[in-house]
Amino acid sequence: MWLGFGLLLALSFKGAQMGDLPLLIQKWQNTRAYLNDYLHPDFSDANTVAYYIQQMWITIQVAIWGTLMSVGLAIPFALLCSNNVVPAWIRFPTRRLMDLLRAVNEVVLGTAFLVAVGLGPLAGVLALAVHNTGVLAKLFSEAVEAVDQPPIEGVRATGGTRLQEIVWGVIPQVAPLWTSFALYRFESSVRSATVLGLIGAGGIGYALFQNIDSFNYARVSAIALIIVAAVVLIDLTSAALRKRLV
């Protein structure tokens, strides 16, 4: 295994241009000059800052609904992907469908939904919901496959149906892990929703890329700080919820 891993690293060394890594040191002055523009964030216009905060809130709302919809869809798909719940003839095609949803990037999905629903946050919500369904279904199913059998056997011994085995024997065991996975995907969705603003899916991303295209790096720095502050608050909140629920 280690030999194969080393061979993989050697084969990918040239393709990843790892040989050019010293350029990061050789051209550090260019990097310093570029980053210097980011050291002076522009918060001078209160109305503009308020607009950016409003757009950041829209981005968070997109992430909330995208994650919520994906959790609702991922739960049944996760059960259909688990080898200790369904037979192989159901599990195999369902897993391949989830592979497909994970493989397609949110930006590609967002572009497709823009054609259907037009510009705005809804396209971002749908793109995140579809992509996250594939991701969460895989994580949820792995948790289901790792459950202990005695609680399930106990439900079966009392005459419980297959559905009751899942509801009373499986779900209570995996609920804490599922909650942790869902909170993690919500944090990731906030960052993904920011990128979706590039294609017109609403939120802070549009303002960010608009200022990048205008070379207004002082405003870009201000927007970046707002995004960082939002992500930190979400991370602290998620950690507190995870501590209580998991």
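The values are calculated or read from the model by the stated rules, or taken from the named source; none is laboratory data. This is a predicted model, so every value here is computed, not measured. Every residue, glycine among them, receives a Cβ derived from its backbone with ideal geometry; neighbour counts consider all protein chains shown. The area values use the complete protein model at the heavy-atom level, side chains included, leaving out ligands, DNA and RNA. Shrake-Rupley method; radii C 1.70, N 1.55, O 1.52, S 1.80 Å.
Of the accessible area of the chain, computed with a 1.4 Å probe over protein heavy atoms only, carbon and sulfur atoms account for 69 percent.
Neighbours of V220 by Cβ distance under 15 Å: Lys/Arg scored +1, Asp/Glu scored -1, total -3. By the rule of a C-alpha distance below 30 Å, with chain neighbours fewer than 8 residues away ignored, the lysines paired with K14 are K27. Comparing Cα centroids, the stretch 206-243 and the stretch 23-77 end up 3 angstrom apart. Taking every C-alpha pair closer than 8 Å and separated by at least 6 residues, the mean separation divided by the residue count of the chain gives a relative contact order of 27 percent. The 3J(HN,Hα) values that the Karplus relation (6.51, -1.76, 1.60; θ = phi - 60°) gives for the stretch 65-81 are, in residue order, 6, x, 5, 4, 5, 5, 5, x, 7, 6, 4, x, 5, 5, 5, 6, 9 Hz. Gly and Pro appear as x. Classified by the C-alpha gyration tensor, the stretch 1-124 has an oblate form. Its axis ratio a/c, with a ≥ b ≥ c, is 1.5 or above, and a/b does not exceed b/c. Taking a sphere under 11 Å around the Cβ of E187 and counting the other residues whose Cβ falls inside, with K and R at +1 and D and E at -1, yields a net charge of +2.
Calculated from the structure at hand, P(r) over Cα pairs in 5 Å bins from 0, in percent is found among [x] 1, 6, 13, 16, 16, 14, 10, 8, 6, 4, 2, 1, 0, 0; [y] 1, 6, 10, 12, 12, 13, 13, 12, 9, 5, 3, 2, 1, 0, 0; [z] 1, 6, 12, 15, 17, 15, 14, 10, 6, 3, 1, 1, 0, 0 as [y].
In whole percent, what relative contact order does the stretch 109-246 give with Cα contacts below 8 Å and a gap of six or more residues? Relative contact order of the stretch 109-246: 26 percent.
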